[in-house]
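A quick write-up on the structure given underneath.
Read-outs: derived from the displayed coordinates by stated rules, not from any lab. Given the structure is predicted, the values throughout are model-derived calculations rather than measurements. Virtual Cβ from ideal backbone geometry, glycine too; neighbours counted across all protein chains shown.
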Amino acid sequence: MPQLLLELFSEEIPARMQANAARDLERMAREKLAAEGLLPEALKTFAGPRRLTLVAEGLPAAQADRHEERKGPRVGSPDQAIEGFLRSTGLTRDQLTERDGVYFAHLHKAGRPTAAIVAEMVDAIVRSFPWPKSMTWGRGTLKWVRPLKRILCVFDDEVVPFWIDETQSGDTSEGHRFMGSAQPFQARDFDAYADGLARHFVVLDAEERKERIMDAARTLCFARNFELVEDEGLLDEVSGLAEWPTPILGDMDPAFLDLPAEVIRTSMRTHQKYFAVRDPKSGFLVPHFLVVSNIEAPDGGAAIAAGNAKVLSARLADARFFWDEDRKVRLEERLEKLQGVTFHAKLGTMAERVERITALARELAPILGADPAQAGQAARLCKADLVSGMVGEFPELQGIMCGYYAEKEGLAPEVAGAIRSHYRPQGPSDEVPTEPVAATVALADKLDTLVSFFAIDEKPTGSRDPFALRRAALGVIRIILSTRARLPLRNIASADLLAFFADRLKVLLREQGERHDLVDAVFALGDDDLVRIVSKVNALSGFLGTEDGKNLLAGYKRAVNILKAEEKKGPLPAGEPNADVSGEEGGLAAAVGHMEIEVGKALAKEDYAAAMRELAALRAPVDAFFEKVLVNSDVPAERENRLRLLIKVRDAMGRVADFGQITG
C-alpha cells in the first residue's frame, strides 16, 4: 500500500524541544488521519537539529465512501430546531426519515484522494503545532520554532502539492550544512530519503546519533585507558545539536583538578556541553574532556579540541575565583544574608525557613537515631551556600558546595555529609541519604516544604506541580522506608497531606509491582506509620496471591454484602455471637474467636506474615459455613446469631486491613 513521507525542514531546532516535537507530530498526524478514516499500518517520526520527519506506511490511495446516520429533533419539534438540523446536514425536510417519532438524516460522503487529505492535514499541523516558543518571519503570518525553509511531502511516489504561506511542498531535501552537497537531493520514498541523508552526512534517528556518540566516545577513552563519565541528560542534548556527531577527546589544564569534581563537571556540562573523563581505577577525574563536534575535521579534530580547551580554561578560571572567594567567608557569617532571600511571599524568608528546618531536625533526630546537636547544626547551615558566588553561578551545586565549605571549616563529617546530601533524593534513581544525621536533615527539609505549601493551599493539581511537592513527598517516603524510621506523620501533617502521602506511596508501590488497592485497604485503618503500612501491604499481597487468600476475600465480601442488605431492613443485632452452637456455625464461631486472639498477638509484634497465616486458617470454616448454613433463618434467634457471627468475621479481619477496599 502507498507510503507517506513528510519532512519539515527549518533553521536549527533547540535540542530540548526535539523529542517532544517528534511525539507531537506523531500524535497530531494519527489523530487527523483517524478523523478521516485513514489508519496507517505503521507511523514513525524523527527529530533532529534541522528537521522533523514523518513516515506512514500502508495508507489507502483514497478515503472510503462514508455513510452516516445523524439523529435529529423529535417529530413535531419547533420549526426553528428542525431548520437548524437541516442546515447542519445540508438536507431538505423531505430527505429526512422518521423512526420512533424522531427525525434522522442519512448522509453519504464520497471518499476523497488521500493526497488531498494529507495536504490539508500538513497545513493544519504546521499552523497549530504546539512549540513551547515560536517565531514569525518574512511577510507571512506563519509561526514555527525557527524559519521554515522547505517542506518535502510525497505520497505514493508523487508530490502532494500545496503551499503554506510562501513555502511550497516538493520532493527535495538537503543534507549537512557544511559537509553535505550544496545541492538538494530528491526523494520520493523513505528509503531514498534515508539514503540521501546518509550520503550527505546526516544521521536521521536520534537513537542512532546517541549510539554513534557513545560508541566513539568510549573507544577514544579506552584507547587512552580512561573512562567516560556517562551523562544521559547531556547525551540527549548533544545528540540534538549535531546531525553528524563526531566525538573528540581534548586536553584540560591539569592545574584545575584541585577544584571539586562537581564544579569541573558542572562547568563542562552547563557551559560547554562536554563530557568529563575519569580514571577507571581510582574514579578521579583526569585532565581531559570529550566534546561532540558536528563535523569530521581534516586534522582529526585537533584544532577543535585546542579551541575548546581554551574556552574551558577560561570557564574553570572563573570557577576557581568563586571557590577561593567563597572560602574566605564562614558559613555562619552568610546566614544573615538569608534574611534578604525570599522563600515564598506567603512563607517568609529563607532565614525563617532555616529556623523551621532546624527546629524540626532537632525534633526528628531521636526518631532516626541522630545526634540532635549535629542535626541542628547541619540544618542551620545547609542553605548558607545560596548566597555564595559558586552557587550563584551554578545553582545546581547548592548543598554540594555547602558541604565542601563545611569540610574546609573543619565541621564534623556527619554535619558536612548531611549538608551535602540534604536535597536528596531528587529523583526516583537518586541515592537516599541513610546516615542518621543526613537522613534527619533531608527529612526535615522536605517535610517543611510539604507542610508549608499545603498550609497555604499551594497543592499540586493535575500535571501542575510548580514547587515539586510530589517529588518531595516521594523523597520523604523513600527516606522513611530506607531508614525504617518510625515516624508518626499525623503529628506533623494535615489530613490532606496524609492523603497526599498515601497517593505517592501508591505510586511507589505500583512501580514495585504492588496493587494500589492494597495500600487503600491498609491506609483505611488510620495508620500513619509508613514502615508498618508497607510491611502490611507486602504481607497482604502475598496472602491474597494464595488460594486461601482469594477464597477468604470472596467469603468476606459475601458476608459484607449480606450485612449491608440486612442493615437496610433495620439495625443489625448487637453483642457477641453464641459460641455454644453446633455444626459449621459452631466451627466458624470457634475459628473466629481463636483467630481474633492470635491475630491480635501477631499485630502487636508486627508479625504480619503470622497474622496472614491466622487469616488463612479461617478460609475452610467460612467456606463450610456458607455452604451448609442458611443465614436468613426463619427462626429469629438463629438469624440474629448468624448475623452477629458475620459481623465478628468482618470486624476481626478488619483489624488487619479494610478488605472492602480490595478489588477482585
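About the centre of its Cα atoms, the chain shows a dipole size close to 980 debye [charges on the beta carbon of Lys, Arg (+1) and Asp, Glu (-1) only; nearest 20 debye].
In debye to the nearest 20, how big a dipole does region 22-96 give about its Cα centre with +1 on each Lys and Arg Cβ and -1 on each Asp and Glu Cβ? Intermediate values should be presented prior to the final figure.
Working: 13 positive and 12 negative charges, 75 e Å.
Dipole about the Cα centre, nearest 20: 360 debye.
Ranking VAL522, PRO488, VAL476 by how far each Cα lies toward the positive end of the dipole of region 470-530 (charges on Cβ) leaves VAL476 at the top.
Placing a pseudo-label 7 Å from each Cα along the Cα-to-Cβ vector at GLU576 and GLU68 gives an inter-label distance of 7.2 nm.
Residue separation times 0.36 nm, minus the C-alpha to C-alpha distance between GLU396 and ALA314: what's the value? Present the calculation step by step, with values, prior to reporting the outcome.
On the way: separation 82, 0.36 × 82 = 29.52 nm, distance 2.00 nm.
The span from GLU396 to ALA314 would gain 27.5 nm if fully extended.
With 0.36 nm allotted per residue and the present C-alpha distance subtracted, the ALA116-ASN538 stretch has 146.2 nm of extension available.
Taking every alpha-carbon pair under 8 Å whose residues sit at least 6 apart, region 333-534 reaches a relative contact order of 16 percent. Computed extension gain for ASP253 through ALA42, at 0.36 nm per residue and net of the alpha carbon distance, reaches 70.8 nm. Just report the Cα centroid separation between region 84-129 and region 259-317, whole Å. Cα centres, region 84-129 to region 259-317: 61 Å.
Run the paramagnetic zone check for LYS281: 7 angstrom along Cα to Cβ, then residues of region 198-236 with backbone nitrogen under 12 Å. Within reach of a label on LYS281: 225-226. Anisotropy class assigned to the chain is oblate, per the alpha carbon gyration tensor with a/c at or over the 1.5 cut-off and a/b no larger than b/c.
Each label was represented as a point 7 Å from its Cα along the Cα-to-Cβ direction; for LYS337 and ALA604 these points are 5.9 nm apart.
With R₀ set to 30 Å, the beta-carbon distance separating THR141 from MET17 gives a calculated FRET efficiency near 0.90.
Just how large is the dipole of region 333-534 about the Cα centre, in debye to the nearest 20, putting +1 at every Lys and Arg Cβ and -1 at every Asp and Glu Cβ? Before the final figure, lay out the partial values.
Working: 25 positive and 29 negative charges, 40 e Å.
Once rounded to the nearest 20, the dipole reads 200 debye.
One Cα centroid belongs to region 379-400, the other to region 1-65; the line between them spans 45 Å. Estimated from helices alone, the mean residue ellipticity of the chain at 222 nm is -16000 deg cm²/dmol (sum of -39500 (n - 2.57) over DSSP H runs with n ≥ 4, per residue).
Highest first, please rank the peptides 451-462, 191-202 by the mean number of other Cβ atoms sitting within 10 Å of their residues.
Details: 451-462: 13.5, 191-202: 17.8.
Those peptides, ordered most packed to least, come out 191-202, 451-462.
Return the FRET efficiency for the residue pair ALA302, LYS273: r is the Cβ-Cβ distance, R0 is 22 Å, and the value is rounded to the nearest 0.05.
E(calc), rounded to 0.05, equals 0.70.
Please say if region 333-534 is rounded, prolate or oblate, where rounded means a/c under 1.5 for a ≥ b ≥ c the square roots of the C-alpha gyration tensor eigenvalues, and otherwise the choice is prolate for a/b larger than b/c and oblate otherwise? Cα axes put region 333-534 in the prolate bin.
Rounded, prolate or oblate for region 363-467? Axes are the square roots of the Cα gyration tensor eigenvalues, ordered a ≥ b ≥ c, and the cut-off for rounded is a/c under 1.5. Because a/c hits 1.5 or more and a/b fails to exceed b/c, region 363-467 counts as oblate.
When the chain is described by a simple charge dipole with +1 on each Lys and Arg Cβ and -1 on each Asp and Glu Cβ, the residue from VAL391, GLN18, PRO280 located farthest towards its positive end is VAL391. When each of the peptides 145-154, 578-587 is scored by the mean number of other C-beta atoms lying within 10 Å of its residues, the order from highest to lowest reads 145-154, 578-587. The relative contact order of region 300-444, computed from alpha carbon pairs under 8 Å that lie at least 6 residues apart in sequence, is 22 percent. Panel order for ILE367, ILE13, by other beta carbons found within 10 Å of each beta carbon, from fewest to most: ILE367, ILE13. Candidates GLN63, LEU364, GLY555 compared by Cα position along the dipole of the chain: farthest toward the positive end lies LEU364, with charges placed on Cβ. Placing a pseudo-label 7 Å from each Cα along the Cα-to-Cβ vector at GLU31 and ASN225 gives an inter-label distance of 5.8 nm.
Contact order for region 206-326, expressed relative to its length and based on alpha carbon pairs under 8 Å spaced 6+ residues apart, stands at 31 percent.
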